Amino acid sequence: MNAKDISISVKKKDHDGKVSGQLAYIGDVKVDLMLYGVLYRSPIAHGKVRSIQLPPLPEGYAKIGAEHIPGANFVKLLHKDQPIFADEWVTYIGEPMFMLVGPEFDILHQLLDEVEVDIEEHPAILTLEEAIRQKDHTGVFASHEFGERSDVIKAIEQHAHQIIEEEYVTGYQEHVYLEPQGMLGIYTDEEILVEGSMQCLYYVKNALISALACKDDEVRVIQSPTGGGFGGKEDFPSLMACHVGIAAKAVQKPVMLLFDRAEDFEVTTKRHPAKFIYRTALDEQGNILCMNVELYLDGGANAGLSPVVLQRSLLNSAGVYKIPHFHAKGYALKTNTVPNGAFRGFGAPQSFAAIESLLGHISGKVNRDPIEYKRNYIVKQGDPTITGGRFKDPVLIDDMIQDLLQTVEYAKKKAEFHAFNQHNKRYKKGIGASFFLHGCGFTGSGERDHIKATVKLARTENDQVLIKISNSDMGQGALTTLSKIVANELGLPYEDVSFPYPDTKEVPDSGPTVASRTTMIVGKLLERAASKMKAGWQSGVSQEAVEHYVHEEMIPWDEEKFSGDAYPAYSWGVNLIELEVDTLTGNVKVEKVYGSFDIGKAIDEQIVKGQIDGGMAQGIAYGFMEKMTSKSGRIEQKSISDYGPPTAMDVVHIESKLYDNPFAGGPYGAKGVGELPLTGGAPAVQAAIEDALQIDFYQIPVTPELIIERLTKRAGGSD
Amino acid sequence: MIKFILNGKEVETVAPATVRLIDLLRDDFQLIGPKEGCGDGECGTCSVLVNQLVQNSCLIPIGAIEGAEIITIDGYCNTEQFQLLSECYSEAGAVQCGYCIPGMIMASEALLSQNPHPTEEEIREGISGNLCRCTGYNMIVDAIDLAAKKGDGLW
Amino acid sequence: MVTKAIASYRMKSLDETLSQLSKEDCQLIAGGTDLMVQRKSPRGAPGRFDKPVVFIDHLKELKQIYRVNQDIHIGACCTYSEMMEHHLIPNILKKAMKEIAAPAIRNRGTIGGNICNASPAGDTLPLLYIFNAKIRLRSAKGERAAEIRDFIQGPRKVDRLKDELVTEIILPEVPEVQPYFVFEKVANRRADAITKISFAGSMRWDEGRIQDARLAFGAVGPTIVRAADIEQKLVGQAFPLNDKVIDGIVAEFESLLKPIDDHRSTGVYRKTVALNLLRHFLEVRA
């Protein structure tokens, strides 16, 4: 490949198979003698299992439960608290208790309906509020506290002009990847093979080794083409893989587990609902003297990835700002509800929504324009992070803000909207912005201590190069992006580099496909491997090149103290949204969307644009459209239209702009892009709604119901 | 016995009349193009053409398609129109995870065959029953717009 | 298959269909867009129907749209797409249909099916109530017509005998010049959405006096809400309406509407928005 600029887009590796519908996703796979699995799920939120009564099972049907697990009955991830099959205690509605397998899907469902279980019901924690009340006694998955000393904060507060206390709440978000979760387990004499829709092959493999109590070479994991992930296929597939792996081993036949949409909505992980309590001290001019935040994440019934999600929430709790005397404390709490997990942004979108909201409100209280007020606090190169790390690379965000304000003619637009709102009784227009960053890669020393990524390149005698890594393409374009990096480095045509769907039998552990690390971390390793291969290139001879992660030491991360450099690099973003609110219905019509981003260097401009458009659509919808609720421990929305992710008619063209700011640690200067664009959508949409209505909101999504409630209160004089 | 035309060929089935068309296509005719994303007619991944009109194959009982002409992506992908749409989807960068794309292509064909030069608003309406979670739709809208421009006379 | 095989019929004509209905209790399937979701089985299995099914959406007799004097007759199995393209269908109804779901559903869903499904959130219903639509039914024994407000009795409940079939929807006395019309569908997004509350209103005035007023609300009760007595109070009032009259009408509906909370919205929201839209409609100046 000898493109002058690597950013120029190429045809995606997987285009033809996808556009023709002939690329087989896991649900399209059929193998001989394949059985289906269906899960019997706990009907109650918390209880002790007394008995399970099965109907007579026809020939060829079997129950697979905890008794079939050769190894330990938990899904190996961080804590050991998530049973594969809950046989003694159930801790949330929908928790898998056992599986029925057999040849006919509808017969399995009929059998499920005839199962009778007797469960002794125990008190359940069904809301985050209840979990917060009980946290001193029970149910803390993780907690951290860091920042300025409490006595210093107290002293500052005593002399402050005013103290502003605000609470802020964020809701669930559901991934709605278009392909529901699916996993196939295949038994052979030598191994258990599991293939399916997933982001993290070695998470799945390690969970299988633990559950099957087997050797490394007795399990094998292959990623199927994956119809969207967004974090939803980060931790959850391990559970399903254990189900089909155990079942396949028990019945010695292939077992397929495929969810339909309602099941996927009800039992798979979601974005953590969160609550923030901020206390901010101001001087007479409205300047911030100190800030204290407590945040709580609803982890659901087991820890899953919540402890790590909490870290990212906390690390972003001051946003992109240098706040004097900042103190933070956070908890990931247990509730008897569906476990929450990874979702694009991984705890950061909640925190950015909260801090952007707070600073917006403070600016209003001190009669300053929110954008101007926030800009006073924007971090600069060389500034410390809230954990005592350092923003060591150039920080362009203030220039990006300045550019965007000029592009949209912010002051003029504000005046126009103000005039429009004066004479239009029904519709009100508003404009709002958000400023944000994303720490690229794993938090802290994760890459060095836990992941230890390895990549491999293999060259055939015909000079075709294969990329051998465990990272998934779930739509984000990794097949194409990483192939481009390798081709470019080797000076080969793009077509001569291929990246087959990974198979753990063939590929080393290059880490999970998460944390916006694939291009930056894995891409850099591939760049190095390619350069090594090039050095030893001998035409007509097969060759391999392997590279391992090398940690670049910065200010060392200390997880206990929550101090040091949490990330090797940061990507940055500025969003600006113009919208119109219908004050009769509370409906919001987004009219213009702008996004400016510093992601180092785009490896493929079109792929990056795709990440920006898709991420912003999700982020904006998180702020005002997508509402998911749990009632008595049960997710209420069971269909796509109940939940309401945006259609093509709900989004508008997005004006996006990239700023080159190459990062030495990334391939060709690239930093992470996957999660960043989602982060700014919600706070920008909230700020724009607030601007339109001149009403402050303290939660997302800002639904029409909420808008009407507040408008009604204001009309009645009580708001 | 239900007879209909599937991707240009006369076919028949003895499956019960209330079986969903999507199941018949995928299980009995081994066509993997129409995908199941929701089974409620709310995502469009199973879109097919029924007598040239885009419809959700998950909502159609096969008893209702006697004599109808059904075209799925599996057959449509051999047409000139498909080739152009595929090129334009690639050029616009419209394909990410790909799960919505077969349905999106069928909706694109239905739109362009009725309205060869749609406005942006008409394109958005034309694919409004086809959910995509990856792209935020804009690159798909661009792809269809591109196809309309390049495909002058094809539709 | 577990599901007991059930008989299915797809007759060549309406008469044969009616004859079959006179012999056995059957489930009619028009477009099937609601039924196939309600009767969904696990993947691969036939729908959960407990009686013989009769397909009717192909019957030509049920797909005509024509005018008799001032009455517009719409065949029960006309799809939304077909109606949207037909010159006889009033524009306001077309506008409402454009907001229904998405093209794929509009190509399949029928007006007769929408009425017989009798969802309180049914998208065409408020306007059909405003038009004083009549439902024409036939059986092997004969024919009858019912007012839509009598025909729809509650959610999924209509006044149709087992041997009857809805053949037509009649919009009676549709004037050449349409009066002032408003239709508002309020939902969580702009397409493929289920109505949280809908409002339809029409008003005709002449020489500064209201001649006729009709108001209908969807998804605020088990059936569409229309109140002839309240509408009557508007007739004869000076146009534009003064604040006192408007306040009075809004107050009447305030005590009449009793929407509920569900997973899509709240009763308070539905009521507030219904009254907001009503007030906005009544405040029309010209």
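FYI, it's all coordinate maths here, none of it is from the lab. Values in this document were obtained by computation on a predicted structure and should not be read as measured data. Because the Cβ atoms are built from the backbone with ideal geometry, glycine has one as well, and the counts that use them run over all protein chains shown.
Ignoring aspartates and glutamates fewer than eight residues from A:Lys48 along the same chain, the ones with Cα atoms less than 18 angstrom from its Cα are A:Glu67, A:Asp81, A:Asp87, A:Glu88, A:Glu95, A:Glu116, A:Asp118, A:Glu120, A:Glu121. Listed by chain and number, the aspartates and glutamates whose alpha-carbon sits under 14 Å from that of A:Lys425, ignoring those within fewer than 8 places in the same chain, are A:Glu580, A:Asp582, C:Glu283. This model, with +1 at the C-beta of Lys and Arg and -1 at the C-beta of Asp and Glu, gives the range B:80-150 a dipole about its Cα centre of some 180 debye. Between the alpha-carbon centers of the range C:220-286 and the range A:621-689, tell me the distance in whole angstrom. The range C:220-286 and the range A:621-689 have Cα centres spaced 37 Å from each other.
Per residue, the average separation of C-alpha pairs within less than 8 Å and at least 6 apart gives the range C:175-226 a relative contact order of 27 percent. Computed from point charges on the beta carbon alone (+1 for Lys and Arg, -1 for Asp and Glu), the dipole magnitude for chain B about its Cα centre is near 200 Debye. At full extension, A:Gln110 and A:Gln464 could sit 122.3 nm farther apart than now, given 0.36 nm per residue minus the alpha carbon distance.
For the protein assembly as shown, rounded, prolate or oblate, judged on the Cα gyration tensor with a ≥ b ≥ c (square roots of eigenvalues), a/c < 1.5 rounded, else prolate if a/b > b/c?
It comes out oblate by the Cα gyration axes.
Shape call for the range C:1-146 from the C-alpha gyration tensor, a ≥ b ≥ c root eigenvalues: rounded (a/c under 1.5), prolate (a/b greater than b/c) or oblate? Since a/c reaches 1.5 but b/c is at least a/b, the shape of the range C:1-146 is classed as oblate.
Tell me what chain A gives for mean residue ellipticity at 222 nm when only DSSP H runs of n ≥ 4 count, each as -39,500 (n - 2.57), the sum divided by the residue total, rounded to 500 deg cm²/dmol.
Helix contribution divided over all residues of chain A: -8500 deg cm²/dmol.
Placing a pseudo-label 7 Å from each Cα along the Cα-to-Cβ vector at C:Gln232 and C:Glu252 gives an inter-label distance of 0.9 nm.
Per-residue mean of foreign Cβ neighbours for A:220-233 is 2 (Cβ atoms of other chains, 10 Å radius). Each peptide in A:421-434, B:61-74, C:99-112 was scored by the mean count of other Cβ atoms within 10 Å over its residues; highest first, the order is C:99-112, B:61-74, A:421-434. Cross-link partners of A:Lys609 among aspartates and glutamates, defined as those whose alpha carbon lies under 12 angstrom from its own and excluding same-chain residues fewer than eight positions apart: A:Glu655.
Across peptide A:635-642, what mean number of C-beta atoms from other chains lies inside 10 Å of a residue's C-beta?
6
Once backbone amide H atoms are built at 1.01 Å from N, A:Thr385 has A:Arg390, A:Phe391 as its partners under 5 Å, excluding neighbours fewer than 5 places away on the same chain. Here chain A is treated with +1 on each Lys and Arg Cβ and -1 on each Asp and Glu Cβ, and its dipole about the Cα centre works out to around 1300 debye. Which of rounded, prolate, oblate describes the range B:89-155, given a ≥ b ≥ c as roots of the alpha-carbon gyration tensor eigenvalues and a/c under 1.5 marking rounded, otherwise prolate only if a/b is larger than b/c? It is prolate, given that a/c is not under 1.5 and a/b is the larger ratio. Considering only alpha-carbon pairs that sit under 8 angstrom and 6 or more positions apart, the relative contact order computed for the range B:2-74 is 41 percent. Our summary gives chain A a relative contact order of 16 percent, counting only alpha carbon pairs under 8 angstrom and 6 or more residues apart. Cross-link check: pairs A:Lys592/A:Lys657; A:Lys374/A:Lys524; C:Lys23/C:Lys157 evaluated at a Cα-Cα cut-off of 24 Å; pairs beyond the cut-off: A:Lys374/A:Lys524.
Sites listed here are trypsin sites (Lys or Arg not before Pro) in the range C:1-71 whose DSSP assignment is loop and whose Cβ has at most 11 other Cβ atoms within 10 Å: C:Lys4, C:Lys12. Mean per-residue shielding of peptide A:585-592 is 3, counting Cβ atoms of other chains within 10 Å of each Cβ. Lys and Arg at +1, Asp and Glu at -1: add these up for the other residues within a Cβ distance under 15 Å of A:Trp557 and post the number. Result for the neighbourhood of A:Trp557: -3.
Taking Lys and Arg as +1 and Asp and Glu as -1, the other residues whose beta-carbon sits under 12 Å from that of A:Pro704 total +4.
List the pairs from A:Lys11/B:Lys35; A:Lys275/C:Lys271; A:Lys322/A:Lys671; A:Lys414/A:Lys713; A:Lys456/A:Lys532; A:Lys484/A:Lys534 whose alpha-carbon separation is above 20 Å, in the order I gave them. As for pairs spanning more than 20 Å Cα to Cα, those are A:Lys11/B:Lys35; A:Lys275/C:Lys271; A:Lys322/A:Lys671; A:Lys414/A:Lys713. Applied to the range C:230-240, the Karplus parametrisation 6.51 cos²θ - 1.76 cosθ + 1.60 on θ = phi - 60° returns per-residue 3J(HN,Hα) values of 6, 4, 4, 5, 7, 5, x, 5, 5, 10, x Hz, with x for Gly and Pro. The distance between label points at A:Lys11 and A:Glu495 comes to 0.8 nm (points 7 Å beyond Cα on the Cα→Cβ vector). Place a point 7 Å from Cα of A:Asp399 in the direction of its Cβ. Which residues in the range A:643-677 have their backbone N less than 12 Å from it? A:659-662, by backbone N distance to the label point. Here the peptides A:220-228, C:71-79 are ranked by packing, the mean other Cβ count within 10 Å, and the order with the highest first is A:220-228, C:71-79. Taking packing as the residue-averaged number of other Cβ atoms within 10 angstrom, the listed peptides A:177-184, A:498-505 run from highest to lowest as A:177-184, A:498-505.
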